[in-house]
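Asker: The structure under discussion is supplied below as structure tokens; questions concerning it will follow.
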Amino acid sequence: MAMALRLYLLLIVFLSSAIVSFSLYEDQVGLMDWHQRYIGKVKHAVFHTQKTGRKRVIVSTEENVVASLDLRHGEIFWRHVLGTKDAIDGVDIALGKYVITLSSEGSMLRAWNLPDGQLVWETSLHSAQHSKSLLSVPVNLKFDKDYPILVFGGGYLHAVSPIDGEVLWKKDFTAEGFEVKRVLQPLESSIVYVLGFLHSSEAVFYQIDSKSGEVVAEKSKAFPGGFSGEISSVSNDKVVVLDSTRSILVTISFVDGEISFQKTLISSLVEDSGEAEILSPLLSNMLAVKVNKRTIFVRVGDQGKLEAVDSLSDETAMSDSLPVADDQVAFASVHHEGSKIHLTVKLVDDLDTVLLRESIQMDQHRGRVDRVFINNYIKTDRSNGFRALIVMEDHSLLLLQQGAIVWSREEGLASVTDVTTAELPVEKDGVSVAKVEHTLVDWLKGHILKLKGSLLLASPEDVVAIQEMRMKSSGRSKLTRDHNGFRKLFIALTRAGKLFALHTGDGRIVWSTLLNSPACARPSGISLYQWQVPHHHAMDENPSVLVVGRCGSDSSSPGVLSFVDVYTGKEISSSDIGHSVVQVMPLPLFTDSMEQRLHLIADTDGHVHLYPKTPEALGIFQREFQNVYWYNVEGDDGIIRGHGMKSSCAGETADEYYFTTRELWTVVFPSESEKIISTLTRKPNEVVHTQAKVSTDQDVLYKYVSRNLLFVATVSPKGAGEIGSVTPEESALVVYLIDTVTGRILHHLSHQGCQGPVHAVFSENWVVYHYFNLRAHKYEVTVVEIYDQSRAENKNVWKLVLGKHNLTAPISSYSRPEMFTKSQSYFFPQSVKTIAVTSTAKGITSKQLLIGTIGDQILALDKRFVDPRRTLNPSQAEKEEGIIPLTDSLPIIPQSYITHSLKVEGLRGIVTAPAKLESTTHVFAYGVDLFYTRLAPSKTYDSLTDDFSYALLLITIVALVAAIYITWALSEKKELSEKWR
Amino acid sequence: MAPILRSTPLVALLVLQISLLFFASTLPISSGSEDSYTITGRVRIPAIILAGTAIGHAAKFSNIKVVLNGGQNISFLRPDGYFTFHKVPAGTHLIEVYALGFFFSPVRVDVSARHHGKVQATLTETRRSLTELVLEPLRADQYYELREPFNVMAILKSPMGLMVGFMVVVVFLMPKLMENIDPEEMKRTQEELRNQGVPSLSSLLPASR
């Protein structure tokens, strides 16, 4: 018996000391996780529909993505996410088989294979200065290889062969003040026309031979009024430009190399004059001008005469013109009317000829139409049909065809800025949502199938059946709360100011809402906070979130608060707060009787405002008035300031929710040697299970757990740049731990010869940060653990018994903390984009670091690998405790990539949230893609896993019962025969 | 005379130092155009590593990215596996290759200004220096656990298997063990135990008296 006990204990020890890495079987993909692929807000779109076969549209987006989409279903055929500094300026199709992208301000030209997205060639173009870039790809339908791709950027005009990317010739236009505005390459012509402005007052016109790059002719003519920069090219020999006063349209015609100007007053075209603006759509022989919020179409006659032909309301988006049959050119315009949008396609030459007029019911939560791209196709009756790709204000992408939305993509989700979690509604009594799905036989059958699967006895059909069963099972996409807390909502705020609620079960959008504001048309979203989470009182209230937005991009522009009901997605209220928003501080533990959380918002003047503006909240706040501290970081100046509350401004202004603050402390980093690159605090809602850490030799370490710790990393100003721009001697990285109440620097650690970027994570009493070591030329990860020295004497049991301990002594941030730190560094073989840590409901489960690598994968690394107590040869006792022998670099176990064989392209952030089940945590990663999974850092020790085989248990029980009966029968028989003997 | 002679190299050194200082201060300014070089390399996945992977599609070059200095520049591979970084200043750089299904060591690349952009490369993981910039994965990554095939031992080792095994032992082997003991000896030991006064369960119960 003792032996068995010992064996059992040994087994337990073995199980607990084994390193549990996240691991997944291939057939478990999609059971707990989901992955959504996006591209971002579309900037340019080029249709490719000429050939039979797959119809596709090539798009480039603001997230620096170039992608090929299926025109029928909107799926992604292929996509490439370029680097963050590699913004795409233009995209086109050359030779009918290559996608040409121009990026990096016109200095990088790439060709991708149209069917599969393979890079074909890449050319770096010379650039000397910053300028707008232009891409001109010859539109030759006959695949004539003689015409080069013309690229203007960085002061140079390059002619590039579309076949192999070879630069055929380049022309220097870097002369001072010269700006190339248009590059025209007429069909069937070997002459390239280049038009530019010299000092914005002289039009210069070049004719360049497209084969050799020689200037054939050069003409210039001064324009006394000066140009304002915007230009609209209406035909092959005319452009229209605004003069510097923006009240005169100037037609520049360059027929036969002669430049002539023709001025037309805008006031002569339309009655209401004002500052005019030339709109971007390229229409032939016509231009669109925006005057006084109206869009006016101006036709350009043969002699350069201008006449206004039509005008439209402001809420109109237009496409470029598109050649349709018989030398006609058409364009599309889209405008709103109530909940409908009207798509109209007209001929440019004859605005009364409407080729298409469609009205489409549109979701109000998409805002207005931002961009339109049209494409035509020949219907079976030989008439022209049109499809329109429209980009809405919330960044979503829709394809309209034949009066219906063929497909839509929620591209707003590619630019998530902030994420929070919310609970789903509780299942109401009496209303059973769960359906009775199985009879016992079905249930048993299902489990036997699962058993077969887990024993690898299943046939391929069985495998399919199992997978299907798993996907459908357990009601994972129900819209109610579950016992384990696996079903939740992730609320995501996007850059377009749209709020999405995503279900953790299958990732579908439960609701979405576009923020509105009374003050401005579309506020931009900044951050999200949990506003009301009823769990004790106010149970009838739905939980809600606070969205902080801003009218305008400047930090001093007025803020907007919006409160959104989490269950329904309805905006409860929205208020224009009339002051700027610099910092939003949710006050921990302070809630009013409605369970609304108190928030402080700091403005640019250093005053703070209390929300919600109720007398009750004010009462709560005033009680704790003296204990409220806050800090701000001025990264550019290298100053961290701590503030305390001073007084209410009730006397000065009528607003009694408005407080002044006083500066308590400042930490100034010398600007010549240190520059702040990263600051970080603990998550305010983090749960710490135990303060004490018992080591093997019965020693107790007390964690120094404080909510007021700030981690700051600084580097030498020279080392703030990229890797490779600095030598090891010139750069040093220093990290500090600062108490934000007193401003005391509790600990600092300097790393010579190291530089940023620093990615850090702060949890409980430890900080883990990732940086670059220039000496070893490798990335490093350092862990710092902070322990409380003042309680170290409490180890003595007698002291505890006699009550001589200081455990009940109040902890004050004012007293000088006695603390000590332990730290250790390791090499890490990858660049990192972001680091997060798992969080569980009670904080008992061991933690894992979630490292978002530059390869857009997420690695789960057990915290035990970054434990400063690791030694080269741990003793037996330490091994039993789970201390891993020290290695110089952290291991990358491929099975512990939680994203398995997926990538979260453009990864920007990882959010973790606890489930109700202690062992489990939700992980949500966002970037261009979204990814969600559920993690159990120490395996699901508190529940049976999904693939627990009940069938095996049943079979065992049946076998045991059978065995009992058989043996009973046998023994009866034996007894009988013995009695006969 | 001698002191003057001795001082001339000193002066020369001083002049050199000043000029070096001057150059050092001007270098970052001029690096925009003259001091930028091109790094060209190649990614190759040997057939041995490729054979060991389950993810065949990952081997396609269109999904591989080459990253310079932790994201400063991202380059893609051409069909022949070549990649290029343009406009790289002289200095020590880091190149990483990201391909799903493979693990590449980061490469330390020294671009020499003196030798007009001559490139020296070292794998930082293995400290092996490369004669030419051909990057090969260190290993193929397997992201999934492999299901073990049907195995009798695995079933027996599972808790339920152990339970069944234990029962079998009790049912079949215990009677055998009991048989081997002599009944008289058994009785003797039982009596001995009783005499020792070990409080057995039966003796505690009043009904057994």
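Read-outs throughout are calculated quantities, based only on the coordinates presented, and are distinct from any laboratory measurement. If you're wondering where the values come from, they're calculated on a predicted model, not measured in any experiment. With ideal geometry, Cβ positions are generated from the backbone for all residues, glycine too; neighbour counts draw on all protein chains shown.
Asker: Lysines near residue A:693 by alpha-carbon distance under 23 Å, same-chain residues fewer than 8 away left out - which ones?
Answerer: A:683, A:703, A:795, A:799, A:804, A:822, A:842, A:847, A:863, A:879, A:939
Asker: Of B:189, B:163, B:153, which is farthest on the positive side of the dipole of region B:150-192, counting Cα position, with +1 on Lys and Arg Cβ, -1 on Asp and Glu Cβ, and the Cα centre as origin?
Answerer: B:153
Asker: Another one. Within the set of other residues whose C-beta is less than 11 Å from the C-beta of residue A:820, count the net charge using Lys and Arg as +1 and Asp and Glu as -1. Can you show the working numbers first?
Answerer: Details: positive: A:822; negative: A:785, A:788, A:818.
Once all neighbours under 11 Å are counted, the net charge is -2.
Asker: Given H placed 1.01 Å from N in the peptide plane, which residues other than close sequence neighbours of residue A:552 have an amide H under 5 Å from its amide H?
Answerer: A:524
Asker: Across 20 Å bins from the origin, how do the percents of Cα pairs in chain A run, short distances first?
Answerer: Result returned by the calculation: 11, 35, 34, 16, 4, 1, 0.
Asker: Just to check I understand the Karplus step: with θ = phi - 60° and J = 6.51 cos²θ - 1.76 cosθ + 1.60, what whole-Hz values come out for region A:189-194, glycine and proline as x?
Answerer: 3J(HN,Hα) across region A:189-194, in whole Hz: 9, 9, 10, 9, 9, 10.
Asker: In debye to the nearest 20, how big a dipole does the protein assembly as shown give about its Cα centre with +1 on each Lys and Arg Cβ and -1 on each Asp and Glu Cβ? Can you show the working numbers first?
Answerer: On the way: 118 positive and 132 negative charges, 602 e Å.
Dipole magnitude for the protein assembly as shown comes out near 2900 debye.
Asker: Please give the net charge around residue A:765, taking every other residue with its beta carbon less than 15 angstrom from that of residue A:765, where Lys and Arg add +1 and Asp and Glu add -1.
Answerer: Net of charged neighbours comes to +3.
Asker: Tell me the mean residue ellipticity at 222 nm calculated for the protein assembly as shown from its helices only (DSSP H runs of n ≥ 4, each -39500 (n - 2.57), averaged over every residue, nearest 500).
Answerer: -4500 deg cm²/dmol
Asker: Whose amide H sits under 5 Å from the amide H of residue B:105, counting only residues 5 or more places off or on another chain, with H placed in the peptide plane?
Answerer: B:138
Asker: FRET efficiency for residue A:221 and residue A:695, Cβ-Cβ distance as r, R0 = 56 Å, nearest 0.05?
Answerer: With a Förster radius of 56 Å, E is 0.05.
Asker: Quick query: amide H of residue A:202 versus all other amide H atoms, modeled in the peptide plane; which residues come in under 5 Å with a sequence gap of 5 or more or a different chain?
Answerer: A:223
Asker: On to the next question. If I require 15 Å or longer along the helix axis, counting alpha carbons, and a Kyte-Doolittle average no lower than 0.5, what helices from chain A are left? Use full DSSP H segments.
Answerer: Helices passing the filter in chain A: A:2-17, A:950-980.
Asker: I need the phi-derived Karplus couplings for region A:152-165: 6.51 cos²θ - 1.76 cosθ + 1.60, θ = phi - 60°, integer Hz, Gly and Pro marked x.
Answerer: Computed from phi, the couplings for region A:152-165 are 10, x, x, x, 10, 9, 10, 10, 10, 6, x, 7, 10, x Hz.
Asker: Right, next: Can you give me the C-alpha center-to-center distance between region A:662-728 and region B:129-178, rounded to a whole angstrom?
Answerer: Using only Cα atoms to place each centre, the spacing works out to 44 Å.
Asker: May I ask which residue of A:919, A:885, A:836 lies farthest towards the positive end of the charge dipole of region A:831-948, with charges of +1 (Lys, Arg) and -1 (Asp, Glu) on Cβ and the Cα centre as origin?
Answerer: So the residue we want is A:836.
Asker: Right, here's the next one. Enter the Cα centre distance for the pair region A:157-174 and region A:570-629, rounded to the nearest angstrom.
Answerer: Rounded to whole Å, the Cα centres lie 59 Å apart.
Asker: Could you derive backbone 3J(HN,Hα) for region A:761-778 from the dihedral phi with the Karplus parameters 6.51, -1.76 and 1.60 (θ = phi - 60°), listing whole Hz in sequence and x where the residue is Gly or Pro?
Answerer: In residue order, the calculated couplings are 9, 10, 8, 6, 10, 9, 10, 10, 9, 10, 8, 10, 9, 6, 5, 7, 6, 9 Hz.
Asker: Give me the net charge for the shell around residue A:740: Cβ to Cβ below 12 angstrom, other residues only, Lys and Arg +1, Asp and Glu -1.
Answerer: +3
Asker: To make sure I understand the rule: partners must be lysines, Cα under 29 Å from the Cα of residue A:974, and not fewer than 8 residues away in the same chain. Which ones qualify?
Answerer: Cross-link targets: B:176, B:187.
Asker: A further question follows. Once you average over the residues of B:87-94, how many Cβ atoms of partner chains fall within 10 Å of each Cβ?
Answerer: 5
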